[in-house]
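Structure record follows, encoded as structure tokens.
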Amino acid sequence: MSDQTFRDIEIKLLEATNHGLDIIHDLYPQARVGKNFRIRDYNDDKNESASMKLLEVKGVTAYRITDFGGTVHSENCFGLYALDKNISYTEAVLELANIYQAKGMQIMDFEKVIYKPEYRECSPEDFEHELNDKNIHFITKDFTTFELGLLGPEIKGSEIESEFGNKRAHLITPEVCKEVNLFSLQEYSFLSQDKTKVVTFRSTDKFPILAFINEDKEIGQWVKIYKPRGGKKFSEDGKDYRFHHLGGRPSDFIFGLSRLEKLLDAYRSKLERENEDPSLEIENVKLPRISIATGGSDGLNLLALGEPVVWFNSETQKISKWTLNELKKFAEEIINIPDSDETGKREGRDLALTFMEIRTLWLDNYFRNKNKKDFKDFCFENQSMTKKQLTKRVGEMMDATMPAKFWTSVYNEKTKRFTHNFSPMFSFYFLRLNGFCRILDKARKDGYYFAKVVGNVVEEVDVTDIKNFFKDFLIEKQRKEGVREISYSLMDALITTNRISESTIDRLHSRELDFTDFEQDAQYWFIGKRIFKTTKFGTQQSKFNRYVLKSQLLDQLIEENIGTDIDPYRFKIEEKPFFKITEIGHNLYDIEIFEHNCDFLNFLIQTSRVHWQTEKKNYAEAGMSEEVFYEKSKFKITSSYLTEEQNDLQKQHLVNKIYA
């Protein structure tokens, strides 16, 4: 075993990389000493606020960057790498060590790490421990700093000064893990399904095994294994290999739900001690908010920042009306924090419009790097903050969330009626979730027009359409949920309110969209929700990050021009090409026609037959009637009754029309 310390690895890396400058230049090629530069997006830093200096801290010399106006303060190459890759400081050092070791530099004394657990099998008789009544066995141990670094970032503010002058501490501590019954395992074992062997997985220094160990009234103790270093691969039934359940799996289990009563009691006790108002009905006091995380890692980071949080046992488990009602017993506000990828945004939007009182924290509004995904990523991206700063920042983000429910209803005991009020801000948010906006367009009289954007398709609408959407949405919701949820008095109030007026809607948020439907070597086609890309190599279905007007969809154009309703999904890519064009000289092309039943291609052929009269005359001189000429020459670009030069000219006309 090597005696090399973590500090030794850091020092060797700095020596091998010009005091870390090579690593910094890989991340920020613009970084230089003696002149300011920018490491944030231009819109976030228009004045080039970052600077770099070579500093000696505790006897070690390294280049450090400070971003005045940002969150980076005197970060060395390891801290900067950790921020860029969304990993912990420890992981950054080890990852860089492996990279430079692979380049032939002697950084580490030990061999390259292999990320897998130890595995062994034995007969039930030879198993050295005793399986419990569920035929499982596990041994817990203390958390290592490496394990804690996988769960969350090392943030600034530690009481202990690190060897390089960066005060850092793990955001996720063993105490935080214990709050939700998360433990580090030395090993776990279980009896195989055929009961012929006991299978054991043992953790290593670089492949930790963690476990949520819970008690259930019906099934007793059950364990959810989590392997944070395992690859995110899925089995045929869709299960993630990183997770494994032992001892059963309770249906609809919610992590963190059992803690809420304890948190609420503590919150009420605190208020009771600090508040001297005798009118305070403490039994009616609730927690300010509860967050819904997408998984355990996000949940742990929220928990570490003091946020009451719950998350589900699997990604397929969805929030129900019962779950929402349970959460509302404990908190005034429920805030969902979906992932910021395409799936997360879609599911977050659907949830916001289904349970309209739920607020949503859209993380992509706060990420500096747009390829980040979840709340854990957000914490890693901001690991240069102190815990106090990060807690305050997250609180501000939570406070800025809005519900899609654009009305409030208050019951008047005297009149025995509800009073309904409408919020313009929440109404704008509701419209935004449903794709409504103003499209900036200098060609328009007002400089914009109203539209509804669904995916890549933009449909122009007017104020009346938008006002009707509010009404139609509530009518449909009433049909699904009943008059108790969406009352007629609410519908009446919506119809007569002046808070959702034309002048109010005129302040809807604006977007500037790119409608370019081509690239240097490609043309895009839009049919319903499908997008096709045509290049010289052919046509295939494609993704598209720009927009198209609904009126320009091919199925819409066909319906508008010939009155035929076309199913967009009936369009298909023909494997056999309709024609082949070959360059045979400078600005000279040959074309072969393979398909004769395409109306548009036949139209182009007919309009390219510039020598048709000559051809008709030659047919007549050969003793053939006009009817025979029309029948035999129809949709043919060449003819034996024309010269080679005449046929070539007609081909050039056709090719030019196709390329136009």
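At-a-glance table
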quantity: Enumeration of residues in the stretch 529-556 that are under 12 Å from Asn456 (Cα atoms), free of Cβ contacts under 8 Å to residues at least 24 places away in the same chain and crowded, with 16+ Cβ neighbours inside 10 Å; calculated: none
quantity: Leu131 vs. criteria of a type in the set (A, V, I, L, M, F, W, C), part of a loop (DSSP other than H, G, I, E, B), assigned by TED's automatic domain parsing to the domain that holds Val199 and at pLDDT 90 or above; calculated: yes
quantity: Breaking point among (1) surrounded by 14 or more Cβ atoms within 10 Å (Cβ to Cβ); (2) over 27 Å from the mean Cα position of the chain (by Cα); (3) at pLDDT below 90; (4) on the phi > 0 side of the Ramachandran plot, for Gly104; calculated: (1)
quantity: Output for the stretch 14-31, where each listed residue is over 32 Å from the mean Cα position of the chain (by Cα), in a loop (DSSP other than H, G, I, E, B) and surrounded by fewer than 17 Cβ atoms within 10 Å (Cβ to Cβ); calculated: Asn18
quantity: 1 or more residues within 29 Å of the chain's Cα centre (by Cα): qualifying strands (runs of 3 or more DSSP E) within the stretch 166-231; calculated: 168-170, 182-191, 209-216, 220-226
quantity: Residue, surrounded by the most Cβ atoms within 10 Å (Cβ to Cβ), within the stretch 72-101, restricted to residues that are touching a residue at least 24 places away in the same chain (Cβ under 8 Å) and of a type in the set (S, T, N, Q); calculated: Ser88
quantity: The stretch 597-633, residues that are within 46 Å of the chain's Cα centre (by Cα) and not in a helix (DSSP H, G or I); calculated: Asn597, Cys598
quantity: Conditions (1) under 22 Å from Lys657 (Cα atoms); (2) in contact with a strand residue (DSSP E or B) (Cβ under 6 Å, 6 or more places away or on another chain): number failed by His596; calculated: (2)
quantity: Complete set of residues in the stretch 54-71 that are more than 15 Å from Glu15 (Cβ to Cβ) and either touching a residue at least 40 places away in the same chain (Cβ under 8 Å) or small (Gly, Ala, Ser) (or both); calculated: Val57, Lys58, Ile65, Gly69, Gly70, Thr71
quantity: Single residue of the stretch 528-546 satisfying the filter (among the hydrophobic types (A, V, I, L, M, F, W, C) and within 15 Å of Val454 (Cα to Cα)) that is farthest from the chain's Cα centre (by Cα); calculated: Ile531
quantity: Within the stretch 402-415, tally of residues that are of a type in the set (A, V, I, L, M, F, W, C) and part of a strand (DSSP E or B); calculated: 3
quantity: From Glu163, Glu187, Glu159, residue being surrounded by fewer than 19 Cβ atoms within 10 Å (Cβ to Cβ), more than 28 Å from Leu21 (Cβ to Cβ) and at pLDDT below 95; calculated: Glu159
quantity: Scan of the stretch 561-575 for residues that are surrounded by 10 or more Cβ atoms within 10 Å (Cβ to Cβ) and farther than 10 Å from Ile527 by Cα, ordered by number; calculated: Ile573, Glu574
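The values are calculated or read from the model by the stated rules, or taken from the named source; none is laboratory data. Given the structure is predicted, the values throughout are model-derived calculations rather than measurements. Quick reminder, even Gly has a Cβ in these numbers, built from the backbone with ideal geometry, and neighbours come from all protein chains shown.
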